[in-house]
1. Just for the Cα atoms in the protein assembly as shown, what are the lengths along the principal axes, largest first, rounded to whole Å?
2. Of B:His140, A:His259, which has the most accessible area with a 1.4 Å probe, and how do the rest follow in descending order?
3. Using the membrane-span-like helix rule (whole DSSP H runs, Cα extent along the own axis of at least 30 Å, mean Kyte-Doolittle hydropathy at least -1.0), which helices of chain B qualify?
4. For n ≥ 4 DSSP H runs only, could you compute -39500 (n - 2.57) per run for chain A, divide by its residues and tell me the 222 nm figure to the nearest 500?
5. For Cα pairs less than 8 Å apart in space and 6+ apart in sequence, what is the mean separation divided by the residue count of chain B, i.e. the relative contact order in percent?
6. How large is the accessible surface of A:Ser74 in square angstrom, using a 1.4 angstrom probe and rounding to the nearest 10?
7. Where the centroid of each part is defined by its Cα atoms, how far is segment A:74-105 from segment A:372-389 in Å?
8. Mind jotting down the distance between the C-alpha centroids of segment B:53-116 and segment B:253-332, whole Å?
Amino acid sequence: MRMWPKTIRRKIVSYSLLIILIMSVITAYATFNARSMSRDVDELYRSTVASQAMQSDLEFTEKYLVEYLSTKTSDSLREFIKYENRFRADLAPLNRTAKPDETALLEKNLVVVGTGYLEEADAAISAKRGRNIPVYIAAYEESDKSAAVLRYLIGRISSVRFNQSLAAYEDFNARTEALIRLVTLMIASAVILTVLIVIVYSRRIADPIIRLAHAANEIARGNFDDRIAVRSADDEIATMAEAFITMQESIRRYVAELHEKAEVEKNLMEERFQMLHMKNLLKNAELDALQSQINPHFLFNTMNAAIQLAVVEDAERTRLFLEHLSAFLRFTMRPLSNTVTLGEELTALDSYIYLLKIRFPDRISFTIDRDEGTETVRIPSLILQPLVENSVLHGLSERESGGEVGITARRDDGRIRVDVSDNGSGMSADQVAELLRVRPERAEQTDHGAAADPMETAVREEQADVGRIHGIGLRNVIDRLRLFYGIEDCVRIQSRRNEGTVVSLYLPAFHKREEAS
Amino acid sequence: MKRVLIALIALSAVVFVGVTTYSVFLLVTATSGQKGPARAETAVRLHFFAVMPHADGRYDLGLRKGMDNAAADSDAAVEVLTYRPGDQYDGAWFMDLALRAKTDGIILMPQEGTDFSKAVDAARAKGIPVVTVGRDLVHHRTCFVGTNSFQAGYEAGRIIVRRVGDRARIGLIIAGETEKPDQQWNQNFTLAGLSNALKEAPGARVVAAGLSRDGILFGEETADELVGKNPGLNVIVCTSGKDTIGAAQTIIDLNRVGAVTIIGYDDDPEVLAFVRKGVVSATLVRNAEKTGYEAVRAIVAAREGKPVSDFIDTGITVVTPGNLAGTRDGSL
């Protein structure tokens, strides 16, 4: 069970009541103290007045007794009786039993002697009325002695009472000195207590509000993760803090959702950028191709005329050469955005190899080997010819004979693996890494390092020509494949210096009907 | 910081509550203290008067204490009335007051200058017992409670024999006047005791006797007169505390400390101080508290009709510098 009140309203009421209680105790104490002193003074005053009244009544009783005994008037008798009764009334409240207390004993004496005095006085009056002179005189003498004793006793009791009251008053005064110091201490401790209570209480109210303000500043700075420390008290501040925590959580969730949306938009933008980049590459390639299509009809008509001329002249090899050249050129004239089957690509590659064999009859031998069914797989067009061209122009450029270029197409775990291998000069690991490095700019570059010999110079010049005509190299092939399939690990290169190079293409097996997707 | 604040609050709360409680306690005790002790509220069976000379010597205070103790034990109350001889209200007048107040008994300490015979007779006539203390009236009273005068004189004589021997030239300071037969009877007994003891020192002689009036100054007057008139006097025997103080002061003033042996009386602080300094050789101390106690017991017995001894001896103690040192704070 908690000792502290829960709500701020209850706290304010309880703390105020506590402070009021403390002040009330001090006030009540001071009031009671003053009241007690006043009571002492009152008692002193009352006892003094009572003693004086008794003394006065006794004197008048004596006076009218003597007056009656001497004059025997009814007035004096009436007055005597009047004061006798008053004196008797004065004696009435006094103590009548023996007690071990000086005042009580004095009062008892006063009552006994006073009663005796009144009896003696009455006896004197009775004797006076009966004209029994010796008796009334004797009775009067006794009453006179008793009156003297009474005066002494009244004076004594008055003195004793006064001394008792005075002693009590002085004792009380002495105690009051101590009490004043105690009251001062009470007030000082009460002031310290109330000030400390106010400090603690104000801190209890202000601290959670300050923490809330700090939390609000943290949220304003964008920090939604710090949990607000809420006091376990179940007051309005705690309720406000809980509401604040709920608000903080809502804002945090909202901001997280915004971040997720921004991330999605960012990815979308990147994809769009890649698409744009690919389109740009295709446009560049198409532009280059268009630039090369100066007048294809003229070129092919001319080529046909040359074929017919070769037939007429019975030049069979020339006809075949021109037919392969025409077929290869027609293949290269296709838009690069169109896909082709692997079979079409390999047919075009056959024409290209035929042309190369005519050009380099004894230097290089070519082999093509493919698995059954791989010819229907659709691939981007013109991706194998640049690889073969690379092997011939760069890999085997330094070999005078014995050069070998192999093309294989195999099914490999749901994909088609196409290897283009040569036994040429190979490439360094750095060169391979450079070729495979994913770069934002996919500018076309020459793929192998420059060579200084005439053969290489001729090859490079031809490569430059090819680049100008087709603009397609190994780098271009890698970039196109990555963009086309959306995966980076679609090309692998194994190469060793002076041993050769194998470029492996891992192509998803899209067949004709799947191309649309 | 928070712990410090809590600690300060607890401390100030404890101080406040403690001070408040203590203040209320003081106030309550101050208020209840005015009502007096609880016994004062209880009625008692008997009401006695003690009529005594106005004095606040050790003997008088002890006497009152003894009477109060006996009253508490006897379901009685003792009201003390003090008188001064020659005043408007003398001892006889207070005896009359006691009779008019219908007292159950009177303890009277007679003093020179007042004739109590009639008052005592009047009381006895009304069947009110009267017990005398300190000094005896010999006749009239119911019984006397106090020191055996013969024993007191005898003890004084023994000290003189032991200290001075045959060389003793003794001066007596007798308190009060001796014209009254009762007083003479007391003094005679004292002298008889003294003489009896002096038989062991045949050379010793009482060379002078002086009468001292009541009052603290008159002891010195009497001693000075005794010594002045009797240059060979080397022993002074006193029969009251005030006479002892006066004699000691005189001997100091005359620079005869050691040359004059003073036998004192009672155990007032001043007397004991002189004993401690060796100015007074020994003092005869009456047992005041026992005297007061036995007086009340005797008067209660008389009131109840029981037989009461004519004389109740409460004994006497000789205090010397030797046995005074062994007593706590020098008092007996």
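1. Sorted from largest, the Cα extents of the protein assembly as shown read 209, 82, 45 Å.
2. A:His259, B:His140
3. On the way: long enough: B:2-33 (45 Å, 1.70).
Helices meeting the criterion: B:2-33.
4. For chain A, the value works out to -24500 deg cm²/dmol.
5. 18
6. Ignoring ligands and nucleic acids, A:Ser74 comes out at about 80 Å².
7. So the two Cα centres are separated by 150 Å.
8. Comparing the Cα centres of segment B:253-332 and segment B:53-116, I get a distance of 20 Å.
The values are calculated or read from the model by the stated rules, or taken from the named source; none is laboratory data. The structure displayed is predicted, hence computed values, not measured ones. Here Cβ is always computed from backbone atoms with ideal geometry, including for glycine, and neighbour counts include all displayed protein chains. These area figures cover heavy atoms from the full protein model, side chains too; ligands, DNA and RNA do not enter into them. Shrake-Rupley method; radii C 1.70, N 1.55, O 1.52, S 1.80 Å.
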